[in-house]
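What follows is a single structure, written as structure tokens, with notes after it.
The values are calculated or read from the model by the stated rules, or taken from the named source; none is laboratory data. Not measured: the values here are computed from a predicted model. When we count neighbours, we look across all protein chains shown, and the Cβ atoms used for this are built from the backbone with ideal geometry, even at glycine.
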Amino acid sequence: MARRSHENGRRQLVDASGSTDRAASAFCSSTTWLPETWAHPAKQLLGDWYTRLGYHVFRTRDFGCAYPHMAPLLATPCDLVTYRKCTS
């Protein structure tokens, strides 16, 4: 099951990169939530994966500042981390 999930994620990134190429966009980006005060193993793997694919951390924002009405619904305070890759 984990292998299938990994394959689906890879396909999504390839499709997203392909659509930015067709749209003549210079960048492809992806944003994920990361806990502020502790490391989530799956999120660490995701960040490592993005890095291996050529993405870098472009911006980190506080989830509560970006979405104040949704912040109380989170189990722990989170940051929004945007990864970006040059597609040209």
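Residues that are of a type in the set (Ser, Thr, Tyr), under 15 Å from residue 32 (Cα atoms) and surrounded by 14 or more Cβ atoms within 10 Å (Cβ to Cβ) within the range 51-88 comprise 55, 67, 82, 83, listed in sequence order.
To keep it simple, each residue is scored yes or no on (1) more than 12 Å from residue 85 (Cα to Cα); (2) at pLDDT 90 or above; (3) touching a helix residue (DSSP H, G or I) at 6+ places or on another chain (Cβ under 6 Å).
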position	(1), (2), (3)
2	yes, no, no
9	yes, no, no
13	no, no, no
22	yes, no, no
26	no, no, no
29	no, yes, no
34	yes, yes, yes
49	yes, yes, no
56	no, yes, no
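For the range 61-88, taking the residues that are under 18 Å from residue 29 (Cβ atoms) and small (Gly, Ala, Ser), the one that is modelled with the lowest pLDDT is identified as 88. Scanning the range 54-82 for residues that are hydrophobic (A, V, I, L, M, F, W, C) and out of contact with any Ser or Thr (no Cβ under 9 Å at 6 or more places or on another chain) yields 63, 65, 66, 70, 71, 73, 74, 75, 78.
Pairs meeting the criteria (first residue in the range 59-70 and free of Cβ contacts under 8 Å to residues at least 40 places away in the same chain, second residue β-branched (Val, Ile, Thr) and in a loop (DSSP other than H, G, I, E, B), beta carbons under 7 Å, at least 6 apart or on different chains) are lacking.
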